[in-house]
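J.: Okay, handing you the structure first.
The values are calculated or read from the model by the stated rules, or taken from the named source; none is laboratory data. Fair warning: this is a prediction, and the values are worked out from it, not measured in the lab. No Cβ is skipped: glycine too gets one built from the backbone with ideal geometry, and neighbour counts run over all protein chains shown. Ligands, DNA and RNA are stripped out before the accessible areas are found, and what is left, the full protein with its side chains, is counted by its heavy atoms. Shrake-Rupley method; radii C 1.70, N 1.55, O 1.52, S 1.80 Å.
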There are 2 protein chains.
Amino acid sequence: MSLRYALLALLRVGPLSGYELQKLFAESVGHVWHAPDSQIYPELKRMESDGLITGEEQTRGQRGRRRVYHVTDRGGEDFFAWANAPMEYSRVRDPAHLRAAYLESASDDAARDFLTAHARHHRELLRRWRDEIARIRSGEHPMVQRRLAAIPEQERERAVAFKVFAYEGLAQRAEAEIRWAEQGLQLLNRLAGEEAPVTAG
Amino acid sequence: MSLRYALLALLRVGPLSGYELQKLFAESVGHVWHAPDSQIYPELKRMESDGLITGEEQTRGQRGRRRVYHVTDRGGEDFFAWANAPMEYSRVRDPAHLRAAYLESASDDAARDFLTAHARHHRELLRRWRDEIARIRSGEHPMVQRRLAAIPEQERERAVAFKVFAYEGLAQRAEAEIRWAEQGLQLLNRLAGEEAPVTAG
DNA sequence: CTAAACATGTAAAGCGTTACATGATTCG
DNA sequence: CGAATCATGTAACGCTTTACATGTTTAG
């Protein structure tokens, strides 16, 4: 159900075609909530049939067409309801930590590879979050630009602060994952050291 | 696909009926990878038809029956392949951080509620992870008990170390989430303070 | 005898992934 | 005229959730 609100958030700032929305999505909210095109187009149709948005059919050239979506009153209300409702947390289901619990069944090399890959993966994410934060702060971020143009000046600081806050959380989480993977590598070294303490002497 | 390996991990230690497995699951791996009964029974059937486990039909009393599952050679190999294979990370899709990015659209009260609930949720999780770690270290943990009985003494330290490591990662993540929520509350206070600095004087 | 625990599922719906599929327009 | 970009989807499959559905055995 979150995709719907991520899309609504972008459309609330101003009408967009499915294609524009999809492009904008990929370089903004898509960092926090990934969705491929093949999910976005059908979801827009469903949102229209649910009365949250209306599609305005436009022509492009001779035969080209595109559908530009506008948020309805109902859509705006739904968005605010979502933004104000208590969150429902889903049950824990974490592939990486499940794997970690069974690292004893892996070879030393595989365990090491797992941990270095985990650190690498989260370093990459961390880079992305830090980039996003810099772009938001500098006003380059496309979502923030559109958003800031649409709201009174007083509220801009607030809008920027919450966007930065959200990405900060993801960055801090990535940092925690990196530290954890490094602890795991230390654990591997310690276990390897204990395994053959006599033969080493 | 992880459920299958979580189940295989438990069965590898010794045969269990679907019911026993389901109970044991809930108080062990289920903390890391939640799955309801209604998912476990069908998955066992699928695993059997895929040749990873075999079901041995037993009777209980007059009419009662139960199916006890054993891991096949194929199942054991599959498990090791899983434990040694590189992880595939799925795209980011995080409801809480998506919501945080749009906290500007929420009322101050709703934002505060969201953040306190987030902290509360992760404090609860943290308590659970810390509990699990204590139970693993003390040898009370049912999964670890069964597991330790099945492996040579030298490898026990290794097995315990990795279990603790996995839960430590979850605990550290929970701590990061709590810190983040607290930063968010500070942000709210700061924004509230700036909003009406003159009327306060 | 009755409640708790044992025991095992089916059905429907929603969400997400991956692969497939097609065509128009604009810019160089 | 060819490539990039614009533009919009369908189909199949798998995982997860939620609700429903049923019956047996054992301990008190």
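J.: For chain B, calculate the relative contact order in percent as a whole number, restricting contacts to Cα pairs under 8 Å that are 6 or more residues apart.
T.: Computed value for chain B: 21 percent relative contact order.
J.: While we're on this one: Largest first and in whole Å, what are the equivalent-ellipsoid semi-axes of chain B based on the Cα gyration tensor, each being the root of 5 times an eigenvalue?
T.: 44, 19, 16
J.: Tell me, what HN-Hα J-couplings in whole Hz come from the Karplus equation 6.51 cos²θ - 1.76 cosθ + 1.60 at θ = phi - 60° for each residue of the stretch A:18-28, using x for Gly and Pro?
T.: Those phi angles translate into x, 5, 4, 4, 5, 5, 4, 4, 4, 9, 9 Hz.
J.: Still on this model: Within 10 Å of each Cβ in B:181-188, how many Cβ atoms from other chains are there, averaged over the peptide?
T.: 3
J.: Put the label 7 Å from Cα along Cα→Cβ for A:Leu185; what are its distances to the other copies, in nanometres, shortest first?
T.: With the label placed 7 Å along Cα→Cβ, A:Leu185 yields 3.6 nm.
J.: GluC sites (Glu not before Pro) within the stretch B:12-49: which are DSSP loop residues with at most 14 other Cβ atoms inside 10 Å?
T.: Answer in residue order: B:Glu27.
J.: Distances in nm, one decimal, shortest first, from A:Ser138 to the same residue in every other copy, taking the label point 7 angstrom along Cα→Cβ.
T.: The answer, with the shortest distance listed first, is 5.4 nm.
J.: Between chain A and chain B, with a rotation axis joining them, whose C-beta in A is nearest that axis, and what is the whole-Å distance?
T.: A:Ala176, 2
J.: Hey, for a label at A:Asp50 modelled as a point 7 Å past Cα toward Cβ, could you say which residues of the stretch A:8-29 have their backbone N under 16 Å away?
T.: From the stretch A:8-29, the list is A:8-12.
J.: I would also like to ask the following. Enter the mean number of other protein chain beta carbons within 10 Å of the beta carbon of each residue in A:120-126, as an integer.
T.: Shielding by partners across A:120-126 averages 1.
J.: How compact and how long is the protein assembly as shown, expressed as Rg and Dmax of its alpha-carbon atoms in Å?
T.: Rg and Dmax of the protein assembly as shown, Cα atoms, are 25.2, 83 Å.
J.: Next up: Is there a simple number for the mean count of other chain Cβ atoms within 10 Å of the Cβ of residues in B:157-165, and what is it?
T.: Partner Cβ neighbours, averaged per residue: 6.
J.: I'd like the carbon and sulfur percentage of the solvent accessible area for the protein assembly as shown, probe radius 1.4 Å, heavy atoms only, ligands and nucleic acids excluded. The partial results should precede the final answer.
T.: Details: 9850 of 20380 Å².
Heavy-atom surface of the protein assembly as shown belonging to carbon and sulfur, 1.4 Å probe: 48 percent.
J.: Grab the other residues whose beta carbon is less than 12 angstrom from that of B:Tyr19, score K and R as +1, D and E as -1, and report the net.
T.: +3
J.: I want to verify the translational diffusion coefficient of the stretch A:2-84 in µm²/s; compute it with Stokes-Einstein, Rh as the Kirkwood radius over Cα pairs, at 37 °C and 0.692 mPa s.
T.: Result for D is 255 µm²/s.
J.: Any chance you could get the radius of gyration and Dmax over the Cα atoms of the stretch B:95-195, in Å?
T.: Both quantities, over Cα of the stretch B:95-195: 19.3, 65 Å.
J.: While we're on this one: Per residue of the stretch A:187-193, what does 6.51 cos²θ - 1.76 cosθ + 1.60 with θ = phi - 60° give for ³J(HN,Hα)? Whole Hz please, x for Gly and Pro, Karplus curve as stated.
T.: Whole-Hz 3J(HN,Hα) from phi for the stretch A:187-193: 4, 4, 4, 5, 5, 5, x.
J.: Okay, next question. 5 Å is the cut-off here: which amide hydrogens, built 1.01 Å from N in the peptide plane, fall below it relative to B:Tyr69, excluding neighbours closer than 5 in sequence?
T.: Under 5 Å from the amide H of B:Tyr69: B:Leu16, B:Ser17, B:Gly18, B:Glu56.
J.: If you plug each phi of the stretch B:107-117 into the Karplus form 6.51 cos²θ - 1.76 cosθ + 1.60 with θ = phi - 60°, what whole-Hz ³J(HN,Hα) values come out, in order, with x for Gly and Pro?
T.: Working through the residues one at a time gives 5, 4, 5, 5, 5, 4, 4, 4, 5, 5, 5 Hz.
J.: List the distances, in nm and shortest first, from the label point of A:Ala85 to the matching label points in every other copy, placing each point 7 Å from Cα along the Cα-to-Cβ direction.
T.: In ascending order, 3.6 nm.
J.: For helix B:73-84, report the angle its Cα long axis makes with the longest principal axis of the Cα atoms of chain B; keep it between 0 and 90° and round to the nearest 10°.
T.: Roughly 30 degrees, rounded to the nearest 10.
J.: OK, next. Compute the separation of the alpha-carbon centres of the stretch B:98-158 and the stretch B:1-27 and state it in Å as a whole number.
T.: Rounded to whole Å, the Cα centres lie 20 Å apart.
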